[in-house]
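What follows draws every value from the coordinates through simple rules; no lab data is involved. None of these values were measured; they are calculated from a predicted model. A quick note on method: Cβ atoms are made from the backbone with ideal geometry, for glycine too, and the neighbour counts reach across all protein chains shown.
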Amino acid sequence: MTGTDTAASETIGTNGGPPREAPAAPLVSVVIPCLDEAAAIADCVACARETLAAARLPGEVIVVDNGSTDESAQRARAAGATVVTEPLRGYGNAYRRGFDAARGRFVVMGDADGSYDFGELTRFVDALDRGADFVIGTRLRGRIHPGAMSWVHRYVGNPVLNGLLNAIYGAGISDSHCGMRAFRREDLARLELRSTGMELASEQVIRSVQLGLAITELPIDYRPRIGRSKLSPVPDGLRHLRLLVGRAGGRPPRSVAAERALMPENER
Ligand SMILES: Nc1nc2c(ncn2[C@@H]2O[C@H](COP(=O)(O)OP(=O)(O)OP(=O)(O)O)[C@@H](O)[C@H]2O)c(=O)[nH]1
Ligand SMILES: [Mg+2]
């Protein structure tokens, strides 16, 4: 579809004036969570926007500023992103905020640290267009550049968590922690994602499997991140583990609204 299926822009009349073109509705929303990534965010946004433009895909780039104290938000905006703010820290909180703001039919996700190549986003959109419901990159079957992933993550953390996810849920994927993904926005309501932290990465895969979505893997490059990592390996690993085991019964998650109602008022 890339390059051919562009959402038609609508011609609207003005009071007596010549008709003007309304901006095309975005077909693709690129959502990027961002916590103090001033060194990389502008290039990520620029790359995503250039890729959308080159493929003639009407799109938007949404950066979710998760309480950055550096110039991330200003740089993202200057590079052409729509910046939304999520004051509650956490990868899951940031993504869920960004998904709420997205307007496209397809949503592409990726980090703000330069480790994923947003030039590849058309491959993800094409896979959705060919019928996949959930597209996830695989760094392990793609190319991990020198220095991009620590030995412990490469040979211990990721394989263990990925193996558990496959064993418990039958996900059949090779890199469950890959952060470059894409899905149809219409599936959000039934995905009912409610994770607040990094475990959102596992939750999204589990829910996609439980819903019987068609999952496709795409080999991708993984480059060394720019700037300081926000990952806390042990606590984040434990959050994944708790979620993997906790969801094993297949019980559907509470709705986000129900979850919010249970949170302290100042955190909703
Ligand atoms: N971990 C974390 N990431 C956040 C948060 N808010 C936004 N983010 C963004 O989420 C993305 C993922 O965080 P990373 O630090 O890149 O985590 P990672 O990719 O697992 O680890 P690295 O390989 O070190 O990059 C980045 O774009 C962060 O800026 C948060 O509260 N915690
Ligand atoms: Mg990263």
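Assuming a ≥ b ≥ c are the square roots of the Cα gyration tensor eigenvalues, decide whether region 97-139 counts as rounded (a/c under 1.5), prolate (otherwise, with a/b larger than b/c) or oblate.
The shape class here is oblate.
Can you give the extra length, in nm with one decimal, that the chain gains between R130 and S229 once fully stretched, where that is 0.36 nm per residue apart less the Cα-Cα distance?
32.2 nm
At 0.36 nm per residue, and after removing the present C-alpha to C-alpha distance, how many nm does the segment from L188 to D43 gain when stretched out fully?
Net length gain for the segment: 49.4 nm.
When the C-alpha atoms of region 47-120 are aligned to their principal axes, what extent does each axis show, in angstrom, from largest down?
Cα spread of region 47-120 along its principal axes, largest to smallest: 34, 24, 21 Å.
Listing V156, V45 from the residue with the fewest other Cβ atoms within 10 Å to the one with the most, what is the order?
V156, V45
Quickly work out the R242-to-D100 label distance, labels modelled 7 Å from Cα along the C-beta direction, and quote it in nm with one decimal.
Between D100 and R242, the label points sit 2.2 nm apart.
To the nearest whole percent, what portion of all C-alpha pairs in region 24-251 is separated by more than 28 angstrom? Walk me through the numbers before you get to the answer.
Working: 5826 of 25878 pairs.
It works out to 23 percent of all Cα pairs.
What shape does region 116-188 take by its C-alpha gyration tensor, where a ≥ b ≥ c are the square roots of the eigenvalues and a/c under 1.5 counts as rounded, a/b above b/c as prolate, and the rest as oblate? The partial results should precede the final answer.
Working: a/c = 2.71, a/b = 1.33, b/c = 2.04.
The shape class here is oblate.
Give a quick list of trypsin sites (Lys or Arg not before Pro) in region 199-229 that DSSP marks as loop, anything other than H, G, I, E or B, with at most 14 other Cβ atoms within 10 Å.
R228
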